[in-house]
Amino acid sequence: MNPKSILGRYLAKQIIFNFIAVLLMVLGVVLLFEVVELLRKASNRDDVTFWFIMEMALTKMPRTLDMVFPFVMMIAAMATFWRVSKTNEFVIIRAAGVSIWGFLAPVLFAVFVLGALNVAVVNPISAKMYEIYETLDYRFDTRNPNAVLFSDKGLWTREAVDDNTFQVMQAKSARQEGKDSLFLRDVSILEMNRKSQPQRRIEAFAATLNDGYFDLKDLKIYEAGKPTQVLSSLKYKTALTVDRIKENFVEPDAISFWDLPGTISFYERSGFSAQKHLLRYYSLLVSPFLLCAMVLVAAVFALRPNNRRGGVMFLIVGGISTGFVVYFLSQLIYAFGLNGTIPGALAVLTPTLIATLISVSILLHLEDG
């Protein structure tokens, strides 16, 4: 069936409307539980206001919603299919000569578009909100209303200087000053070749990270076979930025889909492990297909000409149980991918493939029957 046909647009509107309704209900429940939990944690804190609690709950909500997004889509699909089965609309559509795949085509198209919009548009907003939550949570734990995601425990970074050299920088403390500036104290920079043999060491009293360079102050340069150089200042070129350093302190969920490829490339060039970021990127790429797989799972349980077989209880229990099995399987395989046991792309794609192939097989059997 053409998704642009009258019937295709009708089915697409039904799934979108039910998705928005279920999404709003889930958002309300998630927000309620988050506020209650945060109020419990801040019950003995006089320095925490109710607005601060609400701000934390609202900024954390997108990450929680991201975890349950496939379930929201599956419940919306089950509600849509159950309704068209109950009102005999499905029987009429089938009697008109439309196959089950023609019936599902506009629904899957609408779901895929929703998934793509979620990745391309909603995800960057959610990532920014979760980054704000990380900062608020750090301020809540440190009881410092001006704290940022850098601590007094020090800062370590590693960066590729060129194809044969990389540098490791350590600072005793770091403090963000302004939007794009970072102030460091007691800075040590060690330049090494790819065989991890030291080539040069720089010790500086302080440094400021600006656009494209470290402005080192009161420094000494130690290099084998050369006298120690004492300088009052030096501009040390770097590809690091405040945002990129901050990514060492936040989860990959706080990084936008559009920024993940650059972050992964930077970490791999510098010798860092980017496995968590790579899996996050793959999972976002696969998420529209995962949503379509959950719709197919819902169709297995809810899309039937005779809605009395098994009753509503079979619909609810069977659909929810299958959804939890898919979620548990995805988390288990994701853990294997995170540990490097299996390739990251395979770890992310396998649950979607399994759910899709099993659902398609059952639907083919029902169609033939």
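The values are calculated or read from the model by the stated rules, or taken from the named source; none is laboratory data. Please read these numbers as outputs of a predicted model, since none were measured by experiment. Note: ideal-geometry Cβ built from the backbone for every residue, glycine included; neighbour counts use all protein chains shown. Note: areas computed on protein heavy atoms with side chains; ligands, DNA, RNA excluded. Shrake-Rupley method; radii C 1.70, N 1.55, O 1.52, S 1.80 Å.
Can you find a residue that is at pLDDT 85 or above and surrounded by 15 or more Cβ atoms within 10 Å (Cβ to Cβ) anywhere in the stretch 320-334? Within the stretch 320-334 (the criterion being at pLDDT 85 or above and surrounded by 15 or more Cβ atoms within 10 Å (Cβ to Cβ)), the answer is yes, since at least one residue qualifies.
Residues that are hydroxyl-bearing (Ser, Thr, Tyr) and out of contact with any helix residue (DSSP H, G or I) (no Cβ under 9 Å at 6 or more places or on another chain) are absent from the stretch 71-83 altogether.
Residue pairs whose Cβ atoms lie under 8 Å apart, separated by 6 or more positions or on different chains, with the first residue in the stretch 4-28 and closer than 25 Å to PRO62 by Cβ and the second open to solvent by 60 Å² or more (accessible area, probe 1.4 Å) and of a type in the set (A, V, I, L, M), are VAL22/ILE75.
Take the conditions at pLDDT 80 or above and buried (at least 18 other Cβ atoms within 10 Å of the Cβ) and apply them to LEU260. Does it pass? Taking the combined requirement at face value, the residue satisfies it.
For the stretch 91-118, the candidate set comprises residues that are of a type in the set (Gly, Ala, Ser), part of a helix (DSSP H, G or I) and over 17 Å from MET74 (Cβ atoms); within that set, the residue that is most open to solvent (accessible area, probe 1.4 Å) is ALA95.
Yes/no per residue for (1) open to solvent by 40 Å² or more (accessible area, probe 1.4 Å); (2) of a type in the set (S, T, N, Q):
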residue: GLY8; (1), (2): no, no
residue: ASN18; (1), (2): no, yes
residue: LEU24; (1), (2): yes, no
residue: PHE50; (1), (2): yes, no
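Inside the stretch 20-44, residues that are under 23 Å from GLU131 (Cβ atoms) and assigned to a loop (DSSP other than H, G, I, E, B) make up a count of 1.
The requirement of being touching a residue at least 24 places away in the same chain (Cβ under 8 Å) and open to solvent by less than 60 Å² (accessible area, probe 1.4 Å) is not satisfied by MET54. Residue pairs whose Cβ atoms lie under 9 Å apart, separated by 6 or more positions or on different chains, with the first residue in the stretch 63-81 and closer than 25 Å to ALA127 by Cβ and the second at pLDDT below 90 and among the charged types (D, E, K, R), are ARG63/GLU251; ARG63/ASP253; THR64/GLU34; ASP66/ASP253.
Is it fair to say SER273 is farther than 23 Å from ASN210 by Cα, among the polar types (S, T, N, Q) and modelled with pLDDT under 80?
Numbers: farther than 23 Å from ASN210 by Cα: yes; among the polar types (S, T, N, Q): yes; modelled with pLDDT under 80: yes.
So SER273 fits the description; yes.
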